[in-house]
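Read-outs throughout are calculated quantities, based only on the coordinates presented, and are distinct from any laboratory measurement. Computed from a predicted structure; not experimentally measured. Positions of Cβ are backbone-derived with ideal geometry, glycine not excepted, and every protein chain shown enters the neighbour counts.
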Amino acid sequence: MKLSNRLQQGSAARACAAWIRQKVEIRSIRQANLLHGKMVHIATGRGSDGTTVAEAILGSSNFTLSGLGLAHAHNNIELNLVVDNRRDRQDLLAWFDALWNDTRLVEDVRDEVLAYLAQLYQDNTPEFIYFKTLFHLFEAYLSEQAQSSLLAIQQQIVDTDIWKALFEFQKDGVKGAINKMLAYNGCILADSVGLGKTYEALAIIKYFELRNERVLVLCPKKLRDNWTVYQAHNNSDLNPFGRDRFRYTVLSHTDLSRDGGHSGDVDLAALNWGNYDLVVIDESHNFRNNAPGRKDERRADQPQPLSTPDGGHHPGRRPDQGAAALGHAGQQHAQGPAQPDLLHHREPGRRAARLPRHWQHPGNLARGATDLQRLGHAPR
């Protein structure tokens with residue numbers, strides 16, 4: 001009977017428990033994987049001569065729906081033999097009784113089975129049902145998190161300065177983003193203005209750097225200093241995370257359309273674009289479609305000066321302390337919604353495609369999205 005989605009589950013469990021209390025004994029082998037043989041012995045009554053009438057089946061079937069061939073699908077292929085010799089049946093019963101009565105090998109588990117059945121028909125508090133619902137909603141997520149390398153590296157990342165600088169909601173966001181990237185090879189981080197997307201992105205970058213993966217940060221040219229200040233080789237006094245020794249590469253959005261020249265100390269003509277495992281795109285809304293005549297549409301080589309609520313740029317200050325950690329603060333407040341960051345992750349060992357040269361600034365959204373999928377292959 002398939003009762004998982006039926007309202008009769010409680011009454012069926014209660015009736016089964018009553019039947020077990022009255023007529024059933026249940027014992028289990030103490031040591032796992034010790035007994036592998038399967039035998040079904042059924043005593044159907046007594047014959048006219050007073051002897052027990054019995055049937056016995058010996059084979060590979062487990063005492064489960066699939067083992068007995070009663071499941072709606074995916075039944076096992078089993079091999080069983082009906083024992084029709086009376087002497088053989090008696091020998092099998094004697095073997096079973098020897099195991100059943102050996103308290104060193106078996107233990108009575110009827111009370112445990114009854115306790116489990118009681119969970120199916122007992123009345124539960126609303127609080128328990130609430131938490132049970134949450135568990136089933138997020139069970140797959142929790143399982144993926146436990147199996148991913150996030151837990152393996154967790155002890156290392158919690159000791160970093162960037163992790164210690166995060167608030168709890170930011171840590172939850174970082175862990176969620178990492179799991180999504182590991183599962184789907186990409187993630188969009190679109191928190192509201194002032195919630196510290198840069199710090200969250202730095203924590204994500206540090207996680208992948210701890211896995212010895214190479215990271216590329218793409219940002220508007222006017223925001224380049226917002227990212228280079230954290231690079232270890234710059235040894236900046238404004239870097240509050242010097243001990244974390246970030247080693248990512250920083251390039252501008254417009255560098256995607258350049259075949260030569262230098263971006264900072266990077267020679268674009270000799271750059272291997274496919275050598276990165278994680279690509280972080282700051283202000284990724286710049287890759288959306290732009291309609292002619294937009295007020296904010298301008299050439300990338302004519303950047304506006306970065307303005308913050310206090311009129312200056314402070315890369316060492318936390319986003320909640322007034323500095324615009326991500327993007328143009330005045331422009332963001334005028335537009336209202338937060339501008340997202342796009343993070344793309346390529347699994348180690350997977351061959352990377354060269355980033356396309358035809359990406360322009362501002363980019364074409366449909367074309368750019370297609371190329372992002374091609375870069376890491378479409379998310380699974």
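What is the calculated FRET efficiency for residue 86 to residue 211, with r their C-beta to C-beta distance and R₀ = 45 Å, to the nearest 0.05?
On the way: r = 66 Å, r/R0 = 1.48.
Efficiency for this residue pair is about 0.10.
Along Cα→Cβ, 7 Å out, is where each label goes; now give me the distance between the ones at residue 183 and residue 15 in nm to one decimal.
Once both label points are built, they end up 3.9 nm from each other.
Kindly flag which residue pairs out of 171/197; 175/222; 171/222; 175/206; 180/206 have an alpha-carbon separation exceeding 22 Å in this structure.
Values: 171/197 11 Å; 175/222 29 Å; 171/222 28 Å; 175/206 12 Å; 180/206 16 Å.
Long pairs (Cα-Cα over 22 Å): 175/222; 171/222.
Near residue 132, which lysines are there with a Cα under 20 Å away, not counting those fewer than 8 places off in the same chain?
Partners within reach: none.
What's the FRET efficiency of residue 190 with residue 124 using the Cβ-Cβ distance as r and R₀ = 41 Å, to the nearest 0.05? All intermediate terms of the calculation are to be shown ahead of the outcome.
Numbers: r = 38 Å, r/R0 = 0.92.
Efficiency computed from Cβ-Cβ geometry: 0.65.
Between residue 114 and residue 161, how high is the FRET efficiency from 1/(1 + (r/R0)^6) when r is the Cβ-Cβ distance and R₀ = 45 Å? Nearest 0.05. Could the numbers behind the result be given before it?
Details: r = 54 Å, r/R0 = 1.20.
My answer for the efficiency is 0.25.
Over segment 9-127, what is the relative contact order in percent, taking alpha-carbon pairs closer than 8 angstrom and at least six residues apart? Write out the running numbers ahead of the final one.
Working: 124 pairs, mean separation 40.8, N = 119.
That works out to 34 percent.
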